[in-house]
Amino acid sequence: MKIRNFLSLAVLIPIAFYACKEPTIMVDSETNITNTKTKNAQTLTDPPRQVQIVNQSGTWKMLVDGSSYFIKGLAASNKLPNKYWFPISNYGGNSIREYSVDDDTQSLLDSAQLRGITVVLCLYAKHEADGFNYNDTVAVNQQLQDFKYWVQKYRNHPALLMWAIGNELNSGYSNLKCWNAVNDISEMIHTEDPNHPTSTILAGSSTTVLNAVAARAPDLDCVGINAYGALNLVHNKVLSSNINKPYYIGEFGPQGTWESTDTTSFGTLHELSSTSKANEYKSKWGAYIKPNEGHACLGGYAFVMGYQKHGAVPMWYGMRSRMNRAFGALEGLQYQWTGAFPSNRAPQIAGSRNHIILGGQTEDDNVTLTAGNSYTGSLAATDPEGDPLTYEWTVVAEGTPISQNFSIPGTYPGIANAVTYNPSAATVTVTAPSTAGNYRLYGFVKDNHNHIASACLPFRVL
């Protein structure tokens, strides 16, 4: 049996003694999952969790305060508005991971702790693409010293689960010395914080990269892997590499925009409906994460906790909408994490594509509109419980970021006067923008239980 021991040698933060109290029963209105926990069971004055990664006769597992712990998480950001702090534990989740550490991390950790959620803190090691030179020993040492400050600041927080040293350092890199730097940072962390394991999070599961990490960063306790279309390859690639350590999935979701070849004739990507995305999250967890528990996999994090503000197609990922409604993706994860769907589910959009009809055309027709002309569109959706549905439509130029100005209403604020619709009807009139280019028509369907579904039709204007 090999054990990395993270039992603290430091003086723990003193905590007050609480008399045993009757449990508080809380039922989340969306999930209908009963969450039973003792009052004050999670407080900000709790001692740091003692986390171990153990290998018992070839079976890897994570132990948190002596109990087995399989990560069921969401990727998040410490910049998320407070409204996105929905109780993911009520969906059966137990953890989040973030991407950088700063002073705002304190509020993220506090919020997580009070909700019974653990956090993987990421020390954002600089990339070569950032202009960082891993041959520059002065700069490399300064980065380590900067990280030491944050480790000392947050090492005793009770929500902390693990440290991640860098996110996708192998993305577009060439200097293998970055892994030597990661190893030095890991050694520093183990000295400063013996309670928590270390990892680095990789883009994909390249055998070459895994072997480089194994050779140059042996002090790491595990690795994180971000994988989308190639999630099915991760497990065997890790096992066949020289890494000889467990792994967790740092991000996963539907096939990435950079991986997809499903495009229109004018070069824009077709986008799955939110219902199809939910099936992707559910099926991928069930096929490639859950079965590998105890077989090198420590769990995983779905991308992303809120919504993606920008990207090639900003609506591509997300558990919640800009207006904080829940997409069906959360339901798929809840099913995998608890064995049951919520009692009330999001509206559903049938079929794998061609969800929106506009001017008698679907996405397979490579929709082309004439500037200034008007077209009638429709979207077919149902609700599993027969809840009343309302509709919202928007047209956005290709690649438009999702507005962070919350004084502007809407799920995805778009081009003014491009759509006319009655929220109680599943139809819309679209006036093609006056400027030629590529656009997206989104249809959103909402029930009266704070759920939402979406479908997208890419089109061009000539």
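The values are calculated or read from the model by the stated rules, or taken from the named source; none is laboratory data. This is a predicted model, so every value here is computed, not measured. Positions of Cβ are backbone-derived with ideal geometry, glycine not excepted, and every protein chain shown enters the neighbour counts.
Given the condition crowded, with 20+ Cβ neighbours inside 10 Å and of a type in the set (Gly, Ala, Ser), answer yes or no: does some residue in the range 420-429 qualify?
Keep residues of the range 420-429 that are crowded, with 20+ Cβ neighbours inside 10 Å, which gives 428.
From what is left, the residues that are of a type in the set (Gly, Ala, Ser) are none.
No - not one qualifying residue is present in the range 420-429.
For the condition farther than 26 Å from CYS178 by Cβ and of a type in the set (Gly, Ala, Ser), what is the one hit in SER240, SER274? Lay out the reasoning, then the answer.
On the way: SER240 fails: farther than 26 Å from CYS178 by Cβ.
Checking each option against the conditions leaves just SER274.
Do we find a residue being assigned to a helix (DSSP H, G or I) and under 17 Å from ILE96 (Cα atoms) anywhere in the range 147-156?
Yes, because at least one residue in the range 147-156 is assigned to a helix (DSSP H, G or I) and under 17 Å from ILE96 (Cα atoms).
I'm trying to understand the selection: among the residues of the range 209-227, which are of a type outside the set (A, V, I, L, M, F, W, C) and closer than 21 Å to TRP258 by Cα?
Listed by number, the residues that qualify are GLY224, ASN226.
Checking the structure you have, find out if any residue of the range 443-453 is in a strand (DSSP E or B), modelled with pLDDT of 95 or more, more than 19 Å from GLY410 (Cβ to Cβ) and charged (D, E, K, R).
No, because not a single residue in the range 443-453 is in a strand (DSSP E or B), modelled with pLDDT of 95 or more, more than 19 Å from GLY410 (Cβ to Cβ) and charged (D, E, K, R).
Just name the residue that is surrounded by the fewest Cβ atoms within 10 Å (Cβ to Cβ) out of those in the range 199-222 that are over 11 Å from ASN170 (Cβ atoms) and touching a Leu at 6+ places or on another chain (Cβ under 8 Å).
Result: ARG216.
I'd like the full set of residues that are under 32 Å from the mean Cα position of the chain (by Cα) and part of a loop (DSSP other than H, G, I, E, B), limited to the range 425-442.
Passing the criteria: only ALA426.
Considering only the range 340-359, how many residues are of a type outside the set (Lys, Arg) and closer than 20 Å to ASN438 by Cβ?
Total meeting the criteria: 6.
Looking only at residues in the range 90-144 that are acidic (Asp, Glu) and surrounded by fewer than 17 Cβ atoms within 10 Å (Cβ to Cβ), which one is farthest from ILE165 (Cα to Cα)? Please lay out each step first, then the result.
Our first condition is that a residue be acidic (Asp, Glu); within the range 90-144, this holds for 98, 102-104, 110, 128, 130, 136.
Retained after the next criterion (residues that are surrounded by fewer than 17 Cβ atoms within 10 Å (Cβ to Cβ)): 102-104, 110, 128, 130, 136.
On the way: ASP102: 14, ASP103: 18, ASP104: 18, ASP110: 21, GLU128: 15, ASP130: 16, ASP136: 18 Å.
Looking at residues that are acidic (Asp, Glu) and surrounded by fewer than 17 Cβ atoms within 10 Å (Cβ to Cβ), I get ASP110.
Can you tell me how many residues within the range 268-285 are surrounded by 23 or more Cβ atoms within 10 Å (Cβ to Cβ), closer than 14 Å to TYR317 by Cα and under 15 Å from the mean Cα position of the chain (by Cα)?
Of the residues in the range 268-285, 3 are surrounded by 23 or more Cβ atoms within 10 Å (Cβ to Cβ), closer than 14 Å to TYR317 by Cα and under 15 Å from the mean Cα position of the chain (by Cα).
Keeping to the range 215-242, report how many residues are farther than 22 Å from GLN143 by Cβ and either of a type outside the set (Val, Ile, Thr) or modelled with pLDDT under 95 (or both). Break it down into steps so the answer makes sense when it comes.
Initially, the range 215-242 is screened for residues farther than 22 Å from GLN143 by Cβ, giving 225, 227-242.
Keeping just the survivors that are either of a type outside the set (Val, Ile, Thr) or modelled with pLDDT under 95 (or both) gives 227-233, 235-237, 239-242.
Total meeting the criteria: 14.
Can you find a residue that is out of contact with any Phe, Trp or Tyr (no Cβ under 6 Å at 6 or more places or on another chain) and either at positive phi or part of a strand (DSSP E or B) (or both) anywhere in the range 205-221?
no
Residue-by-condition table, conditions (1) over 27 Å from PHE406 (Cα atoms); (2) among the charged types (D, E, K, R); (3) outside the structural domain of ILE201 (by TED's automatic domain parsing); (4) part of a loop (DSSP other than H, G, I, E, B):
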site: VAL101; (1), (2), (3), (4): no, no, no, yes
site: SER111; (1), (2), (3), (4): no, no, no, no
site: LEU121; (1), (2), (3), (4): yes, no, no, no
site: ALA139; (1), (2), (3), (4): yes, no, no, no
site: TRP163; (1), (2), (3), (4): yes, no, no, no
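Determine whether the range 289-301 contains at least one residue that is of a type in the set (D, E, K, R), assigned to a helix (DSSP H, G or I) and either crowded, with 17+ Cβ neighbours inside 10 Å or assigned by TED's automatic domain parsing to the domain that holds PRO246 (or both). Steps first, please.
Just the residues of the range 289-301 that are of a type in the set (D, E, K, R), to begin with: 290, 293.
Then drop every residue that is not assigned to a helix (DSSP H, G or I), which leaves 290.
Filter again for either crowded, with 17+ Cβ neighbours inside 10 Å or assigned by TED's automatic domain parsing to the domain that holds PRO246 (or both), leaving none.
No, because not a single residue in the range 289-301 is of a type in the set (D, E, K, R), assigned to a helix (DSSP H, G or I) and either crowded, with 17+ Cβ neighbours inside 10 Å or assigned by TED's automatic domain parsing to the domain that holds PRO246 (or both).
How many residues does the range 231-255 hold that are of a type outside the set (A, V, I, L, M) and surrounded by fewer than 19 Cβ atoms within 10 Å (Cβ to Cβ)?
So the count comes out to 6.
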